[in-house]
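A quick write-up on the structure given underneath.
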Amino acid sequence: MEPSIDVVGVGNAIVDVIATVPEEFIVGHDLVKGAMTLIDAERATSLYEIMPPGIESSGGSAANTVVGLVSMGGSAAYLGKVRDDQLGEVFIHDLRSAGVAYDVPPGLDGPPTARCLIQVTPDAERTMNTFLGKSVDLSPADIDEEVVASAAVTYCEGYLWDAEVAKAAMSQAMDIAHGANRKVSLTLSDSFCVDRHRAEWLDLLADKVDIVFANEAEICSLFETDDFRSASDRIRGMVEVSALTRSANGSVIVAGDETIPVAAAEVERVVDATGAGDLYASGFLYGISHGADLERCAVLGGLAAAEVISHIGARPRQSLAGLTR
């Protein structure tokens, strides 16, 4: 049976709080610049109080990706967990209003809806401090088998691997997808995340993943090397397709015997790098699910990423449908 939707995302359900800060803010509050750091509820409250005013909107890496894909003209569903609170309602409304199917029941107890506090410095680098809250309670019971089996690609967010129950949910989604002869994709999410799960992920890539997304730091971390070429050679053959992003140096696609370098799309000014990798995945997965060749998939990914880094926020400000023509 042909898939009825392009992509189902499995990941965190988070509300983003994004603010522009000077370098001194990062240093003065002991933040790890450029990384995603997990924080507890107390730290989330105190950091939120000292951040300058910013933008608040639903987010989460894989959620950003499916929103971007729909903006390009694709179809998507999402599996992520929120609490029955105000931020949970914001997340659900935002996702559905963007055109993404979302039907996971909100939790009635436990921690509140997750939030990510993002500080953007003048060099456009983003530093993320994340309280995962209810998001990590996504369980196998929340994985809709019919939805997963109907999607051409199941796209899984590496950040979610930090919680055991969510890990089980993601593994179940991967098994359902392969059982329906669909593709499974994983984004490595963050080099610190790779450090935490390296051994598991090497096994996971070999056994359950068809398409992997990683930036240069993440793929090098996976193989514990500083040499990008060495890392890209080692991922070859582990998965069908590796989409490796290199910021201003574009991306490199590794598939079988092919190595396809693709230049970055032009950007007049980089304002905020938040969401660049997420939107690259949007474009690439749109291409994959619509029959484009790998080079065209990478070009679409670069174009989508270029739009999102030209403004504050991790989701497109305008329709991306024109990029596919």
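The values are calculated or read from the model by the stated rules, or taken from the named source; none is laboratory data. Bear in mind that the values here come from a model prediction, so they are computed numbers and not experimental data. Please note: Cβ atoms are built from the backbone with ideal geometry, for glycine as well, and neighbour counts cover all protein chains shown.
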Checking the condition out of contact with any Pro (no Cβ under 9 Å at 6 or more places or on another chain) and at positive phi, which residue from Gly133, Gly110 passes? Gly110
Taking the condition touching a residue at least 12 places away in the same chain (Cβ under 8 Å), of a type outside the set (Phe, Trp, Tyr), exposed (fewer than 15 other Cβ atoms within 10 Å of the Cβ) and over 19 Å from Gly74 (Cβ atoms), does Arg229 pass? no
Would you confirm whether or not segment 8-25 contains a residue that is without any contact (Cβ under 8 Å) to a residue 40 or more places away in the chain, more than 30 Å from Val184 (Cα to Cα) and hydrophobic (A, V, I, L, M, F, W, C)? no
Lone qualifier among Asp195, Asp137, Asp210, Asp190 - being out of contact with any Cys (no Cβ under 6 Å at 6 or more places or on another chain), surrounded by fewer than 19 Cβ atoms within 10 Å (Cβ to Cβ) and among the charged types (D, E, K, R): Asp195
Looking at segment 19-36, which of its residues are touching a helix residue (DSSP H, G or I) at 6+ places or on another chain (Cβ under 8 Å) and crowded, with 17+ Cβ neighbours inside 10 Å? Leu31, Met36
Being part of a strand (DSSP E or B) and of a type in the set (A, V, I, L, M, F, W, C) narrows it down to one residue among Ala44, Ala124, Ala63, Ala19; which is it? Ala19
Would it be correct to say that Asp144 is farther than 19 Å from Gly59 by Cβ and either at pLDDT below 95 or crowded, with 24+ Cβ neighbours inside 10 Å (or both)? no
Here is a list: Gly283, Gly287. Which entry is more than 30 Å from Ala19 (Cβ to Cβ), modelled with pLDDT of 95 or more and either among the small types (Gly, Ala, Ser) or in a helix (DSSP H, G or I) (or both)? Gly287
Single residue of segment 152-165 satisfying the filter (farther than 22 Å from Phe223 by Cβ and either at pLDDT 95 or above or of a type in the set (D, E, K, R) (or both)) that is surrounded by the fewest Cβ atoms within 10 Å (Cβ to Cβ): Glu164
Residues being touching a strand residue (DSSP E or B) at 6+ places or on another chain (Cβ under 7 Å), outside any strand (DSSP E or B) and among the polar types (S, T, N, Q): count how many of those fall in segment 127-148. 1
Within segment 290-325, of all residues that are of a type in the set (D, E, K, R) and part of a loop (DSSP other than H, G, I, E, B), the one farthest from Ala255 (Cα to Cα) is Arg317
Check off (1) modelled with pLDDT under 95; (2) over 30 Å from Glu2 (Cα atoms) for Asp226 and give me the number that stays unchecked. (1)
Inspect segment 90-102 for any residue being in contact with a strand residue (DSSP E or B) (Cβ under 9 Å, 6 or more places away or on another chain), modelled with pLDDT of 95 or more, within 24 Å of Val209 (Cα to Cα) and small (Gly, Ala, Ser) and give the result as yes or no. yes
Within segment 163-200, tally of residues that are within 23 Å of Ile288 (Cβ to Cβ), without any contact (Cβ under 8 Å) to a residue 24 or more places away in the chain and of a type in the set (Gly, Ala, Ser): 0
Where Val271 falls short, out of the listed (1) surrounded by 24 or more Cβ atoms within 10 Å (Cβ to Cβ); (2) touching a His at 6+ places or on another chain (Cβ under 7 Å): (1)
Regarding segment 72-87, can at least one residue be identified that is in a helix (DSSP H, G or I) and among the small types (Gly, Ala, Ser)? no
Of those in segment 248-270 that are in contact with a strand residue (DSSP E or B) (Cβ under 7 Å, 6 or more places away or on another chain) and free of Cβ contacts under 8 Å to residues at least 40 places away in the same chain, the residue farthest from Asp210 (Cα to Cα) is Pro261
